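Computed from the coordinates by the stated procedures, all read-outs in this text should not be read as laboratory data. Since we're looking at a predicted model, the values are computed, not measured. Counting neighbours? That spans all protein chains shown, and the Cβs are built from the backbone with ideal geometry, glycine included.
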Amino acid sequence: MKSLFDIREHLLSLRQLLFWTLLVIPVGILSGSASALFLWSLDAVTRLHWNNSWLLYLLPAAGIVVGWVYHRVGKSAEGGNNLILDRIHEPGGGVPSRMAPLILVSTLVTHLFGGSAGREGTAVQMGGSLASAYGRLCRFSAENMRVLLMAGVAAGFGSVFGTPLTGAIFAMEVLVIGRMQYDALIPVLVASMVGDYTCSAWGIHHSIYHIGIADGSTTHAAFDGALLSKVLLAAMAFGLASKLFAELTHGLQQGLKRITPSPPMRAALGGVLVIGLFYLVGSPDYLGLGVYGRTPDSVTLLSAFEEGGSTPWSWWWKLIFTAVTLAAGFKGGEVTPLFFIGATLGHTLAVLLGAPVDLFAGLGFIAVFAGATNTPLACTIMGIELFGSHYALYFGVVCFVAYYFSGHSGIYVAQRLGVPKKQRSALPPDVTLRELREMRSETQEPVLNVLADRFSFFNQDSLNHDNMKDHHIVTSELGKIRIYLTPRDRLPAKGVWDKINAKPIYREIIRAAKADGLNNAAAFMTHYGFSNGGRVQSEGVETSNPDLTMCVELIDHKDKLEAFCRLHGDLLKGKTIGLQARRALGCAG
């Protein structure tokens, strides 16, 4: 019998640990140094804007330049954080090296001219771009490149906010909603720690937030049922606010694209809208990053922790300013504005509920971020790293409830859905938030039509049992075909970018079936089995197995199914298809 303490096994584990540590240390150093340069430059351009407020009127011109550069030079780098998530899911293509300088300069331009954006997106994209360049230089394998990209995300996030543990957990949690990618646990932790230490070694200091301790205890807050009930109410509001931000940003982006397909002109239009919002509000408090203000009376992220440091609608105005800025194509991030939105909303709710302002500002700070990024665990840890562990219980409650109430939405459309938030959700496996949005837009009916249908239904005489005697049963011959494939099967693509955005074949088959008017189409995924004589596969605990067999089932008349197969041979080529015919019962009037 093999010993439980096999020395060779432990030596192999130690070897793997040392290998990953040495592998990602350069990623941490590069990302931390890039974050230090970015934070120093961001502070400089922010102060330059404060001293020259007329720069706001050049925001449309700056948008034209940023939009043109990304359209002509950026190409795939336009994908931003979503590109990095896509490349982690589908390793091999890497992240373009030009992403790092492009996002750095364009974010500084956004803040110089008054756009409302954050900094996390810049740090994460620089970290991913530098990690990819390092991996290509060393010629690492596709699987190692995947881990390097996750390490770059962790190092960028951890160093820009001074939260190394949060950065590591964020990199593992953000990829798949409801599941953690523990296979990269050690690399992301090492990279995030090294990145944070490197950034601090360059002399960069992060903002300090403070939540007072009301009950006088030094370890953890005593349980307070009344306070917990208020936290639960606030958490629901935080989740809805995060969903509002995500959906409004995506909706505005699609709307602006319909108004003007040209990226430079779209950014220029966004700049005009920001200037209009500035005149509507009559305050510069919602421009730029929002952590500090140009005057002591400004509404800022820090002032939200103080009594009277926020107005009741500060969260709403920051949400609008940021959604317009990012939807128009200006670069930056969403997280710091989400901190601002959450903290000011928490301040408003604290006043309404009679709760501590600083505590609820801190809860909103992390909860709105948790709902918008679908990373409740990382945000709970962020609360502990930024505010201390005294209110850790409330941090966990508010983040997980906000995560639940944000629904299947988020600011990163490349996130994949691992575990639906609602058990009754009949969603296909391995689907991204981008695809979920497309599915909702395809099936959404005009509200007036739905109301009209419901109104006519309740006025039909068919509800009278006396009219049901005219119904009779008829039979017809139906056919059923089953098409076997795997979730990883995608449409053919010509280029690298097309390959990343290629739709799963099972979705395209169902889309084609609906367009051709077939009666029924559904996709099912096995949990245990094999395909094409391959080895037996099973669904893992943490991640879905893309090699498992998937079955797409189509039901309609036999001749229509045969015509469907002939018409869509490009989708079905090389697939195993089973056909079955049977007589079915139906009810006719």
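Annotations for the structure displayed:
- Here the relative contact order of region 248-317, from alpha carbon pairs under 8 Å that lie six or more residues apart, stands at 15 percent.
- Backbone phi angles across region 552-557, fed through the Karplus curve with coefficients 6.51, -1.76 and 1.60 (θ = phi - 60°), yield HN-Hα couplings of 9, 10, 10, 10, 5, 4 Hz in residue order; Gly and Pro are listed as x.
- Extents of region 106-246, largest first, come to 58, 42, 34 Å (Cα atoms, principal axes, whole angstrom).
- Proximity of backbone amide H atoms, modeled 1.01 Å from N, is registered between ARG179 and GLY418, VAL419 at under 5 Å, excluding neighbours fewer than 5 places apart on the same chain.
- Estimated from the Cβ-Cβ distance and a Förster radius of 30 angstrom, the FRET efficiency linking ASP224 and LYS422 is about 0.50.
- Given their separation in residues at 0.36 nm each and the Cα-Cα distance between them, LYS514 and TYR404 gain 36.5 nm when the chain is fully extended.
- Computed over Cα pairs, the Kirkwood radius of region 179-293 leads via Stokes-Einstein (1.567 mPa s, 4 °C) to a diffusion coefficient of 65 µm² per second.
- Near ARG72: Cβ cut-off under 13 Å, other residues only, Lys/Arg at +1 and Asp/Glu at -1. The net charge is +1.
- Applying a threshold of 20 Å to the alpha-carbon distances of LYS75/LYS331; LYS230/LYS421; LYS514/LYS560; LYS480/LYS573; LYS257/LYS514 flags LYS230/LYS421; LYS257/LYS514 as lying beyond it.
- For region 567-573, 3J(HN,Hα) per residue [Karplus equation, 6.51 cos²θ - 1.76 cosθ + 1.60, θ = phi - 60°, Hz, x = Gly/Pro]: 6, 10, x, 5, 7, 9, 4
- Rg over Rh [alpha-carbon atoms, Kirkwood Rh] for region 1-103: 1.22
- For the peptides 550-563, 42-55, residues were scored by their other Cβ atoms within 10 Å and the scores averaged per peptide; the highest-first order is 550-563, 42-55.
- Using θ = phi - 60° and Karplus 6.51 cos²θ - 1.76 cosθ + 1.60, couplings along region 274-286 (whole Hz; Gly, Pro as x): 5, 4, x, 5, 4, 6, 5, 7, x, 8, x, 5, 9
- Computed about the Cα centre, the dipole magnitude for region 246-312 is approximately 540 debye when only Lys and Arg (+1) and Asp and Glu (-1) carry charge, each at its Cβ.
- Sequence-separation-based contact order of region 136-248, relative, with Cα cut under 8 Å and 6+ spacing, percent: 22 percent
- Segment GLU143-ALA201, length gained on full extension (0.36 nm per residue, minus Cα span): 17.8 nm
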